[in-house]
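The values are calculated or read from the model by the stated rules, or taken from the named source; none is laboratory data. Source: prediction; values computed, not measured. Cβ placement follows ideal geometry from the backbone for every residue including glycine, while neighbour counts extend to all protein chains displayed. Accessible surface is based on the protein model in full, side chains and every heavy atom, while ligands, DNA and RNA are left aside. Shrake-Rupley method; radii C 1.70, N 1.55, O 1.52, S 1.80 Å.
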Amino acid sequence: MQSLGAIAYLVRDYDEAIAFFTGALGFALIEDTPQGPDKRWVTVAPRGAEGTKLLLARAVTDEQRAHVGKQGGGRVFLFLQTDDFASDHARMTRHGVRFREEPRHEPYGTVVVFEDLYGNAWDLIQPTL
């Protein structure tokens, strides 16, 4: 058996990213371990989720900094599934998350495209059961 343990996610600053993910998106901070004077191992994941986490990787080179907010190349990069679209959408709205559109109903579920704090595009989806 194989699984993805973590996906590296480029950030400008650990603490601003932690605040966004735990506040606006309601994620849990799984780990925040110092790895030296300026490096930390920081993982977050949706509350109650098992499996893949986001590794918040602080961009340290010019090339890495140039890719913060562009990890998906302009298209939706990550897909956040929920069982309570209305509550999640409301929390995100209260936290000032930028939505690119109004929520819409598709055959596969209720969905809206939003941007994270760096401009990466995400889908918030409540799948049709």
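Cβ separations smaller than 8 Å between residues 6+ apart or across chains give the following pairs from the stretch 63-86 residues that are part of a helix (DSSP H, G or I) to residues that are open to solvent by 90 Å² or more (accessible area, probe 1.4 Å) and not acidic (Asp, Glu): 65/12. Only one of the numbered conditions (1) within 21 Å of residue 116 (Cα to Cα); (2) of a type in the set (A, V, I, L, M); (3) open to solvent by 30 Å² or more (accessible area, probe 1.4 Å); (4) not in a helix (DSSP H, G or I) is violated by residue 4, and that is (1). In the stretch 1-22, the residues that are farther than 17 Å from residue 68 by Cα form Cβ pairs under 9 Å with partners that are loosely packed, with under 12 Cβ neighbours inside 10 Å and at pLDDT below 95, at six or more places apart or across chains, as follows: 3/51; 4/51; 5/51. Report whether or not residue 65 is touching a helix residue (DSSP H, G or I) at 6+ places or on another chain (Cβ under 8 Å), among the basic types (Lys, Arg) and under 26 Å from residue 15 (Cβ atoms). For residue 65, the condition - touching a helix residue (DSSP H, G or I) at 6+ places or on another chain (Cβ under 8 Å), among the basic types (Lys, Arg) and under 26 Å from residue 15 (Cβ atoms) - is not met.
The set of residues in the stretch 101-128 that are open to solvent by 50 Å² or more (accessible area, probe 1.4 Å) and either of a type in the set (Ser, Thr, Tyr) or within 10 Å of the chain's Cα centre (by Cα) (or both) comprises 108, 117, 128.
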